[in-house]
Amino acid sequence: MDQILVGFAKAFQLIVSFDPEVMEITGRTLAIAVLSCLVSTLFCIPLGSLIHFRNFRGKRVLINVIQTFYSMPTVVVGLMIFIFFSRVGGPFGVFNLMFTPTIMVIGQVILISPIVLGLTVAALSGVEKGVFETASSLGASRIQATLLVIREARYAILSAVTLGFGRAISEVGLALMIGGNIAGYTRVITTAIAMETSKGNVELSIALGIILIILALLVNIILNRLQQK
Amino acid sequence: MVLIETVNLSKKYAEREVLKNVNLKIERAEVFALIGPTGAGKTTLIRILDLLEAPSSGQFFFNGEDVSSHQVDRLALKRRMSYVHQRPLVFNMNVFDNVACGLRWRHLNSSIIKRKTEEALDLVGMASFRNGSAKTLSGGEMQRIAIARALVTEPEVLFLDEPTANMDPVSTAKVEEVLAHIINQRKTTIIMSTHNMSQGQRMANRLGTLIGGELLQTGTVSDIFNQPQNRAVAEFVGVENIIRGVVEGKDNELASIAVNGEKITAISNLPVGEKVDVLIRPEYIVFSSTPASGSARNVFKCQVNRINTIGSSVRIEATCGFPLLGVITVQSAQELGISIGKEIYASFKATAIHVIKRWN
């Protein structure tokens, strides 16, 4: 119990003193999670719309596969990326991306995209069937009618993005495997917590954990504000 | 000038044929109502005319242009039409944006959008709701917004699919008032569907009766209601006395029709020996306690079988050698002392009868 209280005190101290290392790790954590979320959203919304609006053979199976990947273990994604991007024998090894923030973004995009994509398809399916047709009968082109349906599903889509962000900011296995937890370069809050805990520095881990939760809370408050608009 | 024309238009869903060879011509600025029971194909026909569905066969011309032709710019054509769906559907945005969206899709400038949207909201009496969320409105208010949204783009033709279905009488009256105002103010061609015959009668210049996917009769309100061309139309438009008979004799236009051993005199040009249906609207039958001495050619002694009071009118079912249904006021029923089993006289004029050829 004392450790938790000390952790709270330490977190408070680290935040108010703008501890340079903590600020740097926090900034990187936020940047990687936000960027991953943004990239994922940018391609999942059009792709989700395509899946929703087009009728094709195997559509149901595809949606089931996407939903299965919701629970994909982060270490499995890490392993696959390791195999593909390894400098020794990996097909994309030439890009020299292993243990860089870029590969962490790629990994997180792969990790969260099934969630954002699957929930976008579900969000679009939840829009009243007549919306597209009504827009169409009022003179909207296919693209204009599609954009209207996306607009109608905006709250549910934002929830999908929020969930994706939550998974991106909180995962540790992937960041550790492909980022390498390099101080000043790829270290993020979750990998720092794992490392400090293994070193027995529990108070600092608790402090970093609290900062992570505050960060997630702030981002969720912003996204909720957007939902209410 | 003909704005819309269909030639042998048919639509099939799998093996079910929902429209069968529909031939229809709608003049510019006409208000045309498709009437028919639920499931008759009215919505399907309107959806085809609004280019939301393609017909299985047949042709559809808009302003003389074959719509099925590949040269036709379907989006440009669609933008000359508007459609108000049966179930009021508004978008999750405020009332102003709901009405303005059609104009925004046409990339008009913002001052024109503002002016036209405000005019449309005024037209449907919803200007005070402009900043409110459309999703919080009642069904009737939503439908008025849907009408404003459809009208704001000034379409050449407005499709209304059962615009007051599932609405309470007060909302129905308000929506009808808005539509009547539009019909009087603008020269928009309106094609509406309704299963409410009196609504069709009130709003339209011309009616088309669609039953079982077939356009059985088109004509003025008077044509459809007083001279239905077949039994199905007669039944739908509320002719409750449809009596089978055979033309037995002719005297110029006057035909004597044998009905269950009785004779009904009616105006008909059908030949002697023709099997016919005799159609008499219940409201044209006069009941009296003694044989009527007026000009009615048909007077029958009847026995009352059933009495049913609905509001201020009384429906009387009687046997006059053939079954006959009449409607009189409660006051008349009291004066006649109508009761079950009582003998009364029913009379109706030859001109009140419409005779159609029977096909089976």
For a quick check: sort B:359, B:105 by the number of other beta carbons within 10 angstrom, fewest at the front. B:359, B:105
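Grab the DSSP H runs of the protein assembly as shown that are 4 residues or longer, score each as -39,500 (n - 2.57), total them, divide by all residues and round the 222 nm result to the nearest 500 deg cm²/dmol.
Working: 20 runs with 263 residues, N = 589.
Estimated from H runs of four or more residues: -14000 deg cm²/dmol.
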Mind checking which of B:212, B:36, B:132 has the largest fluctuation in a GNM of chain B, springs on alpha carbons under 10 Å? B:132
Counting other C-beta atoms within 10 Å, which of B:85, B:181, B:354 has the fewest, and how do the rest follow? B:181, B:354, B:85
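Among B:161, A:19, B:122, which comes first, then next, by fewest other beta-carbon atoms within 10 Å?
Details: B:161 22, A:19 16, B:122 13.
In increasing order of surrounding Cβ atoms, one gets B:122, A:19, B:161.
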Simple label model, 7 Å out from Cα along Cβ direction - residue B:310 to residue A:220, nm: 6.0 nm
Here the FRET efficiency for residue A:142 versus residue A:86, based on Cβ atoms and R0 = 41 Å and rounded to 0.05, is 0.40
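Give me the inter-chain shielding for B:99-108: mean count of other chain Cβ atoms within 10 Å, whole number please. Don't skip to the answer; put the middle values down first.
On the way: counts 0, 0, 7, 5, 2, 2, 9, 4, 0, 0.
Partner Cβ neighbours, averaged per residue: 3.
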Inter-label distance, nm, simple model (7 Å from Cα along the C-beta direction), residue A:2/residue A:34: 4.0 nm
Residue by residue through the stretch A:52-65, what is 3J(HN,Hα) from phi via Karplus (6.51 cos²θ - 1.76 cosθ + 1.60, θ = phi - 60°)? Round to whole Hz and write x for glycine and proline. 5, 7, 8, 9, 8, 5, x, 4, 5, 4, 4, 5, 4, 5
Cross-link reach list, aspartates and glutamates versus residue B:263, counting only Cα pairs under 16 Å and skipping chain neighbours closer than eight places: B:248, B:251, B:253, B:274, B:277
Could you derive backbone 3J(HN,Hα) for the stretch A:32-45 from the dihedral phi with the Karplus parameters 6.51, -1.76 and 1.60 (θ = phi - 60°), listing whole Hz in sequence and x where the residue is Gly or Pro? 5, 5, 5, 4, 4, 5, 5, 4, 4, 4, 4, 9, 6, 5
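What's the local net charge at residue A:26, with K and R +1, D and E -1, over the other residues with C-beta under 13 Å away?
Working: positive: A:28, A:187; negative: A:19, A:21, A:24.
Charge balance in the 13 Å sphere: -1.
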Simple spin-label estimate for residue B:28/residue B:295, 7 Å along Cα→Cβ, in nm, reads 4.4 nm
Give, as a single signed number, the net charge of other residues whose beta carbon lies under 14 Å from the beta carbon of residue B:256, with Lys and Arg counted +1 and Asp and Glu -1. -2
Given H placed 1.01 Å from N in the peptide plane, which residues other than close sequence neighbours of residue B:193 have an amide H under 5 Å from its amide H? B:34, B:160, B:161, B:162
Under Karplus coefficients 6.51, -1.76 and 1.60, residue-wise ³J(HN,Hα) of the stretch A:159-174 in Hz, glycine/proline x: 5, 4, 5, 4, 5, x, 4, x, 5, 5, 6, 9, 7, 10, x, 5
Reach of residue A:10 by Cα under 20 Å, taken over aspartates and glutamates that are not fewer than 8 positions away in the same chain: A:2, A:19, A:21, A:24, A:196, A:203
For the pair residue B:205 and residue A:227, what calculated FRET efficiency results from E = 1/(1 + (r/R0)^6), where r is the Cβ-Cβ distance and R0 = 51 Å, to the nearest 0.05? 0.55
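Stretch residue B:186-residue B:110 to full length: gain in nm at 0.36 nm per residue minus the Cα-Cα span? Let's see the in-between values first.
Working: separation 76, 0.36 × 76 = 27.36 nm, distance 2.37 nm.
Here the segment from residue B:186 to residue B:110 would lengthen by 25.0 nm.
Please state, to two decimals, what the Cα-based radius of gyration of the protein assembly as shown comes to when divided by 2.2 N^0.38 Å (N = residues).
Values: Rg = 36.2 Å, N = 589, 2.2 N^0.38 = 24.8 Å.
Relative to the 2.2 N^0.38 Å estimate, the protein assembly as shown comes out at 1.46.
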Cross-link partners of residue B:42 among aspartates and glutamates (Cα-Cα below 15 Å; sequence separation of 8 or more within a chain): B:17, B:50, B:53, B:161, B:162, B:214
I'd like the projected area of chain B, averaged over all directions, using the convex hull of its alpha carbons. Report it in nm² with one decimal. 22.4 nm²
Shielding score for A:125-137, defined as the mean number of other chain Cβ atoms within 10 Å: 5
Say R0 is 51 Å: what FRET efficiency, to the nearest 0.05, do residue B:59 and residue B:254 get from their beta-carbon distance? 0.70
Report, in listed order, any pair from B:275/B:349; A:59/B:20; B:116/B:174; B:11/B:275; B:11/B:357 with a Cα-Cα distance greater than 25 Å. A:59/B:20; B:11/B:275; B:11/B:357
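All other residues with a Cβ under 15 Å from the Cβ of residue B:339 taken together, and with Lys, Arg as +1 and Asp, Glu as -1, what is their net charge?
On the way: positive: B:306, B:315, B:342; negative: B:317, B:335, B:343.
Overall, the nearby charge balance is 0.
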Amide hydrogen neighbours beyond the local backbone of residue B:93, cut-off 5 Å, H modeled: B:134, B:135
Once you have the Cα-Cα distance between residue A:19 and residue A:151, take 0.36 nm times their residue separation minus that, and quote the gain in nm to one decimal. 43.4 nm
Whole-number D in µm² s⁻¹ for chain A, Kirkwood Cα-pair radius fed into Stokes-Einstein, 37 °C, 0.692 mPa s: 170 µm²/s
List the residues whose amide H sits under 5 Å from the amide H of residue B:31, counting only those 5 or more places along or on another chain, with H placed 1.01 Å from N in the peptide plane. B:190, B:205, B:206
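Read-outs: derived from the displayed coordinates by stated rules, not from any lab. Remember, predicted model here, so these are calculated numbers, not experimental data. For neighbour counting, all protein chains shown are included, and Cβ atoms are generated from backbone atoms with ideal geometry for every residue, glycine included.
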